[in-house]
C-alpha cells in the first residue's frame with residue numbers, strides 16, 4: 001500500500017512540475033537522408049518575461065485552469081480553456097497555429113502539456129508561464 005501511494009504521489013508531482021527556461025518537445029527526427037528535421041518546441045518564461053509578451057500583436061493569452069480556479073483570479077485578458085474538459089483538444093484544434101500563445105495554469109504542469117499539444121497542432125510560437133499563476137501572483 002505504501003509503495004502504491006508513493007508511486008501515485010510521485011506521478012502527481014511529476015505532472016505538476018515544470019522545468020524553468022527550457023525548451024520542450026520531442027527529440028529531433030531524422031529524414032530518410034539522415035538530415036535532422038526541426039520540430040517546433042515551446043519555451044518556459046519567467047513571470048517577468050511572460051508579462052513583457054502580453055498584449056503583443058497576434059498574441060493569445062490562454063488560461064488552461066478549471067473554472068473554479070479562474071474564479072479566484074486570472075491574468076486580465078486571458079482566454080479561458082479548461083485543460084480538464086472533455087473537449088479541450090477540440091478547442092485547441094480551433095485555434096490559429098500562426099498566432100503566438102502565452103499559456104498558463106496553476107503551477108505550470110497542465111500548461112506545459114497544452115503547449116506541447118499546440119506544438120503538435122503546428123503552432124511554433126508557444127510560451128509557458130514557469131510556475132504558473134502561483135508564480136505570477138508572487
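Please treat every number below as a calculation from the coordinates, not as lab data. Keep in mind that this is a model prediction, so the values were computed, not measured. We place every Cβ from the backbone using ideal geometry, glycine too, and count neighbours over all the protein chains shown.
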### Query
residue 59 to residue 138: extension gain in nm, 0.36 nm per residue of separation minus the Cα-Cα distance?
26.1 nm
### Query
Using mean Cβ contacts within 10 Å as the protection proxy, how do 86-99, 50-63 order, highest first?
50-63, 86-99
### Query
How would you classify region 61-138 from its alpha-carbon gyration tensor, with a ≥ b ≥ c the square roots of the eigenvalues: rounded for a/c under 1.5, else prolate if a/b is greater than b/c, otherwise oblate?
prolate
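Would you mind calculating the gained length between residue 85 and residue 52 on full extension (0.36 nm times residue separation, minus the Cα-Cα distance), in nm to one decimal? Let's see the in-between values first.
Working: separation 33, 0.36 × 33 = 11.88 nm, distance 2.93 nm.
Full-extension gain reported as 8.9 nm.
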